[in-house]
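Notes follow the structure.
The values are calculated or read from the model by the stated rules, or taken from the named source; none is laboratory data. All values reported here derive from a predicted model rather than from experimental measurement. Virtual Cβ from ideal backbone geometry, glycine too; neighbours counted across all protein chains shown. Heavy atoms of the whole protein, side chains included, go into the accessibility calculation; ligands, DNA and RNA do not. Shrake-Rupley method; radii C 1.70, N 1.55, O 1.52, S 1.80 Å.
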Amino acid sequence: MQRDRIKKVLAQGRAGSQHVVCGWVRTKRETKGPAFVVINDGSCQDNLQLVVEPDTAAAALLPRIGTGAALRASGALRPSQGKGQQWDFVVADLEVYGEADPAAYPLQKKGHTLEFLREIGHLRPRTNTFGAVLRVRNALALAVHEFFQGRGFVWAHTPILTGSDAEGAGQLFQVTTLDLLAVPRAADGGVDYERDFFGRRAYLTVSGQLEAEFLALALGDVYTFGPTFRAENSNTARHLSEFWMIEPEMAFADLRDDMTLAEDFVRHLCRTVVERCEPELAFLARQYAETALPVAEIARLADARFAHCTYTEAVAELERASGGGRRFEYPVAWGRDLQSEHERFLTDEVFHGPVIVTDYPRQIKAFYMRSNDDGRTVAAMDVLVPRIGEIIGGSQREERLDRLEQRMSELGIPCEGFQWYLDLRRFGSAPHCGFGLGFERVVQYLTGMQNIRDVIPCPRAPREIGI
Ligand code: 4AD
Ligand code: MG
C-alpha cells in the first residue's frame, strides 16, 4: 500500500480507515499498557500519535525507536481518548527504517534556541518552527507565480552569471576560473581577463532588472523570480549574501502603476498565507508572540491600504521627532539615505503599518531611475513594513536617452557594456517601471522570524557558508 501523507490522513481519514504512514519520531511514551509514538512527516504542522499495543510484533521494535528515528506504520485511525489530538493511529504493522542514537541525536524534546539550530542546519527542518517557516515559504512562492500569471505577466529567466553591475553599488561577487596563484597579467600590469573563462570580468548577478527591462520592452509585462547575490558586508538580521528576489517589470506604466502593483502584490501574499497556512501562522504566532503578527493582523493587511509619503515628508517627520528629543543613532538630513531605524520609526510609530516612500534624492539612488522635474529627486518608491523596514525597492526607469547618458557620465559608469541598455532608449523607448521584492524579507515579515537566516534553508552571510 502507498503511504498517505499525515496531512491527508488527518483531513480525510475516518474512524477505522486504513493507511500507511511514514515519518520521524518526535516523542515516545511507554506505559504499562500501550506505547505512544508521535511522528511528523513534514506535510503539516500536526503530528500523528501511533498507538502500539503490548505483546505485538510492533511492540518488540520499541527499544529501537527513539526521537529522530524514521518509521513506516500501517494501521487504522481511532478517535483519540487522550487530550491534544483528535485521532490515534492504531498500529498493525511497523517497520523501522533508520534508528537515531538518543545519546547523539541533537534534537531533543526540550526546545532549542534558534542560534543552536543554525549550527545544525541539516536537522532544523525537522523542528516545528522550521517546518512551519518552510511551508509558508513554499506557499508564498506559489502565490508569487499565481499573482503574476493571473495578470498575464511572463516569467522571465534572467541570468545568474553577468558582466554588469545592475545596481551600480559595487557589491559584486566576482566569478573566475583563473588560477589565483598564477594570475595572468596584461601589458599594463593588471589582470589579463582576456584569459579568464568569459574573456572578460564576470560576476554573480545582484538583480535581474536590466535584463527584465529589455524583456518588458518586448513582452509588455514580465517578472523574474530567482536568486541574487550581494557581497555587501552587512552582518544584520535582514541581509543575506544570497537571497531570492521577485522583480516585475511593466512597459507603458509609471510610478503610480508600480505602487499599485506592489500594494496588490503584498496584499495577495498576505491573503494567500491566511487562506493556506493558518496552522503554521497560528503556531508561529503562539511560539514567537513577541515578534510574529497574529493571523488576524495578516488577514487585516490583506485588505489594508498602504500609507504613502514622499521622502521629503518622511525626513520632515524624522526631523520633527529628532527635534522633540527622539534619539536616532544615525543623523537625519535631507539627502542622506534612510537607515533601518528611521524606516522602522516611520512604520511602527508614525504610520502604524506599511508605508510607501517615494521620490528619493537622486544621489542616493541607482543610475537607472527616472529624474523628476525638480532635478533633485527620482521617481523611486520603497515599501516599508513594521519591524523589517524595506521589503520592496522600485522605480520608474529613465527612458530618455540623453538623460540616462548624462546620469551615467555623472556617476562615471562606462557606456561600454551598457550599449544594449542604451539601445532600449534608442529603439522604441517607452515609459516603464518595476520593483524588486526581497523574498526572504517578506517571509520574515509574515512568519515573525527575527533573523533572516531562519527563513532560508541554507543562509549565506559574511563569513558564513555552512551547508
Ligand atoms: O532595493 P534593491 O536593491 O532593488 C533592486 O535590486 C532593483 N533592481 C529592484 C527593481 O527595481 N527591479 O533590492 C530590492 C529588494 C529590497 O527591497 C530588499 O527587500 C531585498 O531586495 N534585498 C535584500 N534581501 C536580503 N538580503 C539583502 N542583502 C538584500 N538586499 C536587498
Ligand atoms: Mg533598496
In terms of the charge dipole of the chain, which places +1 on Lys and Arg and -1 on Asp and Glu at the beta carbon, the residue among L178, A296, V154 farthest towards the positive end is A296
Sorting G66, S17, Q45 by the position of each Cα along the dipole of the stretch 6-98 (Lys, Arg +1; Asp, Glu -1; all at Cβ), the one nearest the positive end of that ordering is Q45
accessible surface per residue for the chain, probe 1.4 Å, DNA/RNA/ligands not counted, whole Å² -> 48
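If a helix is a whole DSSP H run, which ones in the chain reach 27 Å or further along their own axis (Cα) and hold a mean Kyte-Doolittle hydropathy of at least 1.6? Provide the component values of the computation, followed by the final result.
Working: long enough: 128-150 (32 Å, 0.52); 255-276 (31 Å, -0.32).
Correct list, ordered by number: empty.
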Whole-percent carbon and sulfur contribution to the accessible surface of the chain (1.4 Å, no ligands, DNA or RNA) stands at 50
Summed over the other residues with a beta carbon less than 15 angstrom from that of R326, with K and R at +1 and D and E at -1, the charge totals -4
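Please give the peptides 186-199, 264-277, 419-432 ranked by average Cβ packing (other Cβ atoms within 10 Å per residue), highest first, as a rough proxy for protection.
Numbers: 186-199: 11.5, 264-277: 20.0, 419-432: 14.7.
The most tightly packed comes first, giving 264-277, 419-432, 186-199.
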Of 406-412, 291-297, 80-86, 255-261, ordering from highest average Cβ density within 10 Å down gives 255-261, 291-297, 406-412, 80-86
With a 20 Å threshold on alpha-carbon distance, the violating pairs from K7/K32; K7/K109; K83/K109; K8/K109 are K7/K32; K7/K109; K8/K109
For the stretch 6-98, the Cα-Cα pair-distance distribution in 10 Å bins from 0, as whole percents, is 18, 58, 24, 0
Cross-link reach from K28 to aspartates and glutamates, straight Cα distance under 15 Å and at least 8 residues apart if same chain, gives E53, D88, E99, D101
If unit charges are put on Cβ atoms (+1 for Lys and Arg, -1 for Asp and Glu) and the dipole of the chain is taken about its Cα centre, the option from A216, W87, Q339 lying farthest towards the positive end turns out to be W87
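Under 9 Å from the Cβ of F229, count the other residues' Cβ atoms, weight Lys and Arg +1, Asp and Glu -1, and hand me the total.
Working: positive: R230, R460; negative: E242.
Value of the local net charge: +1.
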The set of residues whose placed amide H lies less than 5 Å from the amide H of H308, leaving out same-chain residues fewer than 5 positions away, is I356
Taking Lys and Arg as +1 and Asp and Glu as -1, residues besides T113 with C-beta under 12 Å from its C-beta add up to 0
With label points set 7 Å from each Cα along the Cα-to-Cβ direction at W155 and R376, the distance between them in nm comes to 4.5
Per the C-alpha gyration tensor (a ≥ b ≥ c, the square roots of its eigenvalues), the chain is rounded if a/c is under 1.5, else prolate if a/b beats b/c, else oblate; here it's prolate
Output ordering of 160-168, 215-223 (per-residue mean of other Cβ within 10 Å, highest first) is 215-223, 160-168
